[in-house]
Each structure stands twice: as C-alpha cells, then as structure tokens.
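Inspection log for the structure reproduced underneath, given as structure tokens.
What follows is calculated from the coordinates using simple rules that are stated; it is not laboratory data. Because the structure is a prediction, the values reported are computed rather than measured. Using ideal geometry, Cβ is built from the backbone for each residue, glycine included, and neighbour counts are taken over all protein chains shown.
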Amino acid sequence: EAQVTQNPRYLITVTGKKLTVTCSQNMNHEYMSWYRQDPGLGLRQIYYSMNVEVTDKGDVPEGYKVSRKEKRNFPLILESPSPNQTSLYFCASSWTTGTDTQYFGPGTRLTVL
Amino acid sequence: AQSVTQLGSHVSVSEGALVLLRCNYSSSVPPYLFWYVQYPNQGLQLLLKYTSAATLVKGINGFEAEFKKSETSFHLTKPSAHMSDAAEYFCAVTTNTGNQFYFGTGTSLTVIP
C-alpha cells in the first residue's frame, strides 16, 4: 500500500531534549515536505526537499533541522525543543514538486513541556 | 510571495444544501491552487487542483472549484452537502516550481441533518 508513515504519532517531551520525528514514503517520490498545523494558523511549511541531499527552508524553519540522505526518508530534528514548538506535524511527499498531488502522513502530535 | 485567505473559519450548511467555501489568493506569478480536506484525526488529502488548464476544476466527492483571475479567487463548491462532507478544508497555493507551499487557515464545515 502506497503510504507516508510518521513516527512517533504522539510525543510528550521536555524543553531542550533533542528529538527526531521520522517520515518515510514508499512511493519513490522526489519531493518531501514538513508542515506544522496550529489552531487558527492552518498549515505552515517548515522545510522541503526536492531530492536526496537537496533541502531548503519553508516559511517557519527556525528551531528545526532536516536531512535527506535517502530518497524515502525525511526526518525532522528538533535539537532543543521549546514549548512554542508544541504542534501537530505532518510530513508529505509528491512525485517531483509540490505542484503534484501531495500525500500526507497521519501526523505527529508533539507536546513540549 | 504567495498567500491564500480563506473567508470564514466555520461554515454550517444543512444536508442537501449548497456548499460554498471561499478562497482568495495572492501571487506575483501564475499560481497553482489546491483544495485539501482533512477528516478528524487524519492527514490531508487532495480534493482538486488548478494547474493553468481549465478554469473550472472538478474534484473528488462531487466538489468543484473555479479559478477566477480577475477576482483572484478559487472558491470550492458542492451542489448538495452530505453528512460525510463534514471536515476541515484548506486552500493552498504554490508556483510552477512547486517548492514552497502556502496553506490558508482552514474552514471547518459542519453539515446539519
């Protein structure tokens, strides 16, 4: 089954404790992207990747890192999480660019205390 | 830069009534426009997209949207609402490079039996 998977689905952590949210897709997509969803703000793009080793900032990249060492994986790294990063995070992928249909993962609900 | 504005964070309609969700965009270059739907506790899925072909775009589940350049609008409609249409709807915009993606703040649709 074609899908985008994220782990963990739920995470409660404390300020400053490094964490990684994994994202994996099995559709051989080139484009992958991370978003955060906050009430009243919709989804905002954090980082995107056009292909392996090609990443760039979205609208709200501060406090986040990403890497794209393999085509299927696009982990989101929070090196020193803060409470304002409490949010619902979505990973998405598409064939070549964001103009193609993006397929979204189920989301990761992160709480930073 | 690109952006989208969704008018009305909450819309209620009776079952069988017309659904109209509004989206206005701002773009300095020809836009690619999308409507995504998010059912409770799920990721987003594509309803329809405009990619500079026909201005009237038909999507899944009976939804359609019309691109009106003169009004910078891309409103979503469905002739007859069904209970299963209750969800959150997001309008989004990107450009032909498809790198950065901008979502609106979302409209929550309630369908009243």
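Among the residues of the stretch B:83-105, the ones that are at the interface with chain A (Cβ under 9 Å from one of its Cβ atoms) and either in contact with a Ser or Thr (Cβ under 6 Å, 6 or more places away or on another chain) or closer than 10 Å to B:GLN2 by Cα (or both) come to 8 in all. Of the residues A:TYR48, A:TYR89, A:TYR35, the single one that is in contact (Cβ under 8 Å) with a residue 60 or more places away in the chain and either crowded, with 22+ Cβ neighbours inside 10 Å or assigned to a loop (DSSP other than H, G, I, E, B) (or both) is A:TYR89.
Looking at B:GLY62, is it at positive phi, free of Cβ contacts under 8 Å to residues at least 24 places away in the same chain and more than 14 Å from chain A (Cβ to nearest Cβ)? Even if it seems obvious, please write down each step before you answer.
Numbers: at positive phi: yes; free of Cβ contacts under 8 Å to residues at least 24 places away in the same chain: yes; more than 14 Å from chain A (Cβ to nearest Cβ): yes.
Judged against the criteria, B:GLY62 is a match.
A single member of B:ALA92, B:ALA81 is in a loop (DSSP other than H, G, I, E, B) and in contact (Cβ under 8 Å) with a residue 40 or more places away in the chain, and it is B:ALA81.
Can you pull out every residue in the stretch B:32-60 that is over 17 Å from A:LEU43 (Cβ atoms) and surrounded by 14 or more Cβ atoms within 10 Å (Cβ to Cβ)?
First, the residues of the stretch B:32-60 that are over 17 Å from A:LEU43 (Cβ atoms): B:48, B:50-60.
Matches in the stretch B:32-60: B:LEU48, B:TYR50, B:THR51, B:VAL57, B:GLY59.
Among the residues of the stretch B:24-46, just one is of a type in the set (Gly, Ala, Ser) and within 14 Å of A:GLY105 (Cα to Cα), namely B:GLY43. Here is the figure for the stretch B:74-86: residues that are within 30 Å of A:TYR47 (Cβ to Cβ) and surrounded by fewer than 21 Cβ atoms within 10 Å (Cβ to Cβ) total 0.
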